[in-house]
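Chemist: Handing you this structure, nothing more for now.
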Amino acid sequence: MLRIHFTGLDLARVRIAARPDALWESVLSFHRLRDKQGASIFRQWRGETRTRLSGETRPLASLVPCRGYFPDFLTPPEGALGVEPAFEALRETPDHRLQRDMRLLGGERPRPGWMHGLAEGDKGALGRLIGILRSYHKAAIAPYWPHIRARIEGDRAARGRALLDGGADELLASLPRMVRWRPPVLEADYPVDRDLYLSGRGLLLQPSFFCRRTPVTYHDRDLTPVLVYPVEHTAESAPSAAPVRAYADDPCSLGKLVGHTRSAVLQTIGQGCTTSELARRVGVSAASASQHASVLREAGLVLTLRHGNAVLHTLTPLGAALLRGGAAAVPDLPGLPAGPVAQTAQTAQTAQTAQTATSGTGR
């Protein structure tokens, strides 16, 4: 069990990450690629990703084992800005951090020769690692980024709503069932017994698409505290490389969107709301509000997730782009292939001041 100890100052400094981290999701997805957890959700993603992967990504298995520790330096905070800024930060990792993290990794298992170069601060070895990570990200993450980001932003909306309704207490109590708020301690299912004292530093809550089973946090207690936890997955959560339906191929779907009421529904959902709130604000019945939200969800404009006893509707990146006047005005995210899917992604904003967590187990 992991026990995170809060003070009053820590409660005032709880934050919710605004977006997924490119390298964080890359590392956690590598776990999902090799295990069977959430098989129904990740089956298609695994098949498509394995088809695109080349053999050069195999060395990642030595650096990111299925279980246990993997290096903290793999997820610099610049990952919130996109994959290329993250790689630049990774390239500047201090030698002492490389040596410390690789020593911890090497203490658990044998490692291939090229990883010895990392432990010695060899920039050539670090460059090779960045090349491997770039290839993996291109195959496993970039095609699915709008879908991943939509799930993270939906979870953020739910947590933000809890914060507004009941403060930090309600926010911490709203986290997934493997995390339990027992003031002043946040307990979480964890593969090892561990205590983390925040000591006034606060806590960054980072929802993750590829995190499963238990939350994760840094091995190094001196790093800015972060708790990474799984987002809720439903039957609609399966990552798709083409999450936006082509309206040219389905004119009926586009036709469903036409009309004053549905436009009002979309604008209302832009603020995040439950079905009952949507009905009240738009002036329709609850059944009608639910039907409108369902059509918008099928069109790829709305994301729906459960929040307590209610359901919460939020916009997907495409829905937000539509309200802004069209997806074409939105720049591509670094590392994302150009095209309609990429154009729905917003440019990542300022990186979080805290680094994201790294290991899936045994931290």
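Chemist: Rg and Dmax of region 22-145 over Cα atoms: what are they, in angstrom?
Modeler: My reading of the Cα-based Rg and Dmax gives 14.2, 42 Å.
Chemist: Pairs of alpha-carbon atoms within less than 8 angstrom and 6+ residues apart define the contacts here; what relative contact order does region 22-145 have, in percent?
Modeler: 34 percent
Chemist: Here's another thing I want to ask about it. Quick one: which residues, 5+ away or cross-chain, put their amide H under 5 Å from the amide H of Tyr197? H built at 1.01 Å from N.
Modeler: His5
Chemist: Taking amide H atoms as placed 1.01 Å from N in the peptide plane, list the residues 5 or more away in sequence, or in a different chain, whose amide H sits under 5 Å from that of Val302.
Modeler: Arg297, Thr316
Chemist: Between beta-carbons, use under 9 Å as the cut-off and find the net charge around Ala158, counting Lys and Arg +1, Asp and Glu -1.
Modeler: +2
Chemist: Same structure again: Enumerate the amide H contacts of Leu312 below 5 Å, restricted to partners 5 or more residues apart or on another chain; note that Pro and chain-start residues carry no placed amide H.
Modeler: Leu305, Arg306, His307
Chemist: Please work out the Cα convex hull volume for region 135-222 and give it in Å³ per residue.
Modeler: 130 Å³
Chemist: A further question follows. Starting from region 23-60, pick out the trypsin sites (Lys or Arg not before Pro) whose DSSP state is loop and whose Cβ has at most 13 other Cβ atoms within 10 Å.
Modeler: Counting only loop positions with at most 13 other Cβ atoms within 10 Å, the trypsin sites (Lys or Arg not before Pro) in region 23-60 are Lys36.
Read-outs: derived from the displayed coordinates by stated rules, not from any lab. All of these numbers come straight from a predicted model, not from anything done at the bench. Here the Cβ is made from the backbone with ideal geometry for all residues, glycine too, and neighbour counts use every protein chain on show.
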